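Asker: Have a look at this one before I ask anything.
All of the numbers you see were taken from the coordinates with simple rules; none came from a lab. None of these values were measured; they are calculated from a predicted model. All Cβ positions, glycine included, derive from the backbone under ideal geometry; neighbour counts span all protein chains shown.
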């Protein structure tokens with residue numbers, strides 16, 4: 001392959017990553033089948049790989065791909081007489097586009113005047129609650145994130161065949177259940193929107209604090225989630241929780257560079273060099289949080305779960321040093337969040353804030369009450385938090401046991417090393433209480 005061909009191929013791949021969600025969204029509206037739409041889009045990609053090395057990259061590659069894909073759709077519909085009426089409509093739409101675009105689409109020409117609506121429909125289809133959480137994540141990353149099956153598998157450290165099966169089953173489920181390609185209305189919108197936001201949040205969290213493997217961070221997943229969140233905020237500008245989520249992600253992502261040292265080892269929040277926090281992302285987060293709060297007040301609604309988490313993240317971002325952190329406010333916000341979600345993980349985070357605001361003994365009381373319920377017995381952060389509180393109370397032998405238990409529960413190699421290091425320091429402190 002020549003250098004020119006390699007360069008063209010890289011261009012095709014970059015364009016595909018950007019344009020594939022719009023292609024699949026627009027085609028799904030036409031053929032009403034997600035699997036068929038993706039196949040048509042893939043056909044257009046193959047055509048680009050075959051033709052662009054010789055003809056050159058079009059001035060508007062997205063429009064070229066959409067036009068090519070619609071030609072494939074016409075061929076498909078011609079083979080099915082039941083879609084004769086749709087064929088006429090689609091042919092007319094294509095002719096209109098060709099007259100507007102000409103043989104070479106003009107710079108900046110739109111793919112479809114309804115493209116934003118199509119993308120929003122695709123988001124709600126890929127994140128439909130009829131699918132399992134894992135299937136929703138995989139399908140969303142494939143269709144909206146533009147990731148290949150191999151990339152998704154590598155990101156989540158699972159077999160490529162597992163991801164492929166999830167995607168195939170998800171498409172079959174959507175077809176079998178006759179899930180409409182539409183944005184829900186009325187009361188159903190809030191329920192379905194929660195599913196969409198959850199998927200974006202899960203993708204980000206897996207990148208921000210990887211649950212398995214050797215790396216503490218997977219920046220590519222964080223970037224994919226941020227991109228999806230920003231698209232969603234643009235598509236649903238009047239939804240407070242959409243802005244609450246993107247505010248949370250922007251502020252959390254601002255710390256990424258400071259969360260690892262030069263060797264890739266984790267750096268905990270109190271020890272981070274805050275000058276390395278990305279202030280552009282912080283400002284974006286603050287703006288999104290202000291928008292979420294403004295929209296909530298206009299509806300007379302209490303803050304949603306993501307907006308509350310974003311407000312907590314904002315407290316950290318406003319503190320120039322760890323010592324200046326307003327832990328009392330953070331504990332208050334976690335209390336509001338716990339009341340809203342009844343989540344044991346949120347309660348564990350509240351224990352950390354209480355421990356910082358009122359002292360380690362107060363935080364330990366919250367943790368012990370939570371541990372007594374048994375709901376987080378296999379969650380590694382429970383003994384990790386308990387170990388930290390015990391260490392601050394100079395109960396080093398107990399703290400060592402907690403850190404070792406946390407290390408045994410985590411599946412992340414970097415985190416395990418961090419916890420074992422803390423256990424070793426507690427063991428040394430217990431052996432020499434004088435600190436010599």
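Asker: In cubic angstrom, how much convex hull volume per residue do the alpha carbon atoms of the chain span?
Answerer: On the way: hull volume 77.9 nm³, N = 436.
Taking only Cα atoms, the chain has a hull volume of 179 Å³ per residue.
Asker: Using alpha carbons only, how many degrees (0 to 90, rounded to 10) separate the axis of helix 240-253 from the longest principal axis of the chain?
Answerer: Long axis of 240-253 versus the principal axis of the chain: about 60 degrees.
Asker: With axes computed from alpha carbons, what is the tilt in degrees of helix 381-392 against the longest principal axis of the chain, rounded to the nearest 10 within 0 to 90?
Answerer: That helix lies at roughly 30 degrees to the long axis.
Asker: Using a cut-off of under 17 Å, list every residue of region 246-270 whose amide N is near the label point 7 Å from the Cα of residue 287 along the Cα-to-beta-carbon line.
Answerer: Backbone N within reach: 246-254.
Asker: Something else now. By its C-alpha gyration tensor, with a ≥ b ≥ c as the square roots of the eigenvalues, how is region 326-411 shaped: rounded for a/c under 1.5, else prolate for a/b larger than b/c, else oblate? If you can, show how the numbers build up before the last one.
Answerer: On the way: a/c = 2.21, a/b = 1.29, b/c = 1.72.
Taking the square roots of the gyration eigenvalues as a ≥ b ≥ c, region 326-411 is oblate.
Asker: Also, I was wondering about something else. In what sequence do 375, 125, 3 fall when counting other Cβ within 10 Å, fewest first? Numbers along the way, then the final one.
Answerer: Working: 375 15, 125 24, 3 7.
Lowest count first: 3, 375, 125.
Asker: So, one more: Assuming 0.36 nm per residue, please report the length gained on full extension of the stretch residue 425 to residue 362 beyond their Cα-Cα distance. Walk me through the numbers on the way to the answer.
Answerer: Values: separation 63, 0.36 × 63 = 22.68 nm, distance 2.35 nm.
That pair, residue 425 and residue 362, stretches by 20.3 nm at full extension.
Asker: How much FRET efficiency would the formula 1/(1 + (r/R0)^6) give for residue 50 and residue 372, where r is the Cβ-Cβ distance and R0 is 56 Å, rounded to 0.05?
Answerer: After rounding to 0.05, the efficiency reads 0.30.
Asker: On to the next question. Exposure proxy check: 236, 356 ranked by fewest other beta carbons within 10 Å? Don't skip to the end; give the middle numbers.
Answerer: Details: 236 18, 356 21.
Neighbour counts put them in this order, fewest first: 236, 356.
Asker: Taking only Cα atoms, what is the 0 to 90° angle, nearest 10, from helix 84-101's long axis to the longest principal axis of the chain?
Answerer: Between the helix axis and the principal axis of the chain, the angle is about 90 degrees.
Asker: Work out, in µm²/s and without decimals, the Stokes-Einstein translational diffusion coefficient of region 231-278 at 20 °C, 1.002 mPa s, Rh from Kirkwood over C-alpha pairs.
Answerer: Details: Rh = 12.2 Å.
Answer from the Stokes-Einstein relation: 175 µm²/s.
Asker: While we're on this one: Evaluate E = 1/(1 + (r/R0)^6) for residue 267 and residue 194, where r is the Cβ-Cβ distance and R0 equals 45 Å; express this FRET efficiency to the nearest 0.05. Each step should come with its number before you reach the end.
Answerer: Details: r = 33 Å, r/R0 = 0.73.
The value I calculate is 0.85.
Asker: Which three semi-axes in whole Å describe the equivalent ellipsoid of region 378-436, each the square root of 5 times a Cα gyration tensor eigenvalue, listed largest first? Walk me through the intermediate numbers first.
Answerer: Numbers: eigenvalues 82, 26, 10 Å².
Those come to 20, 12, 7 Å.
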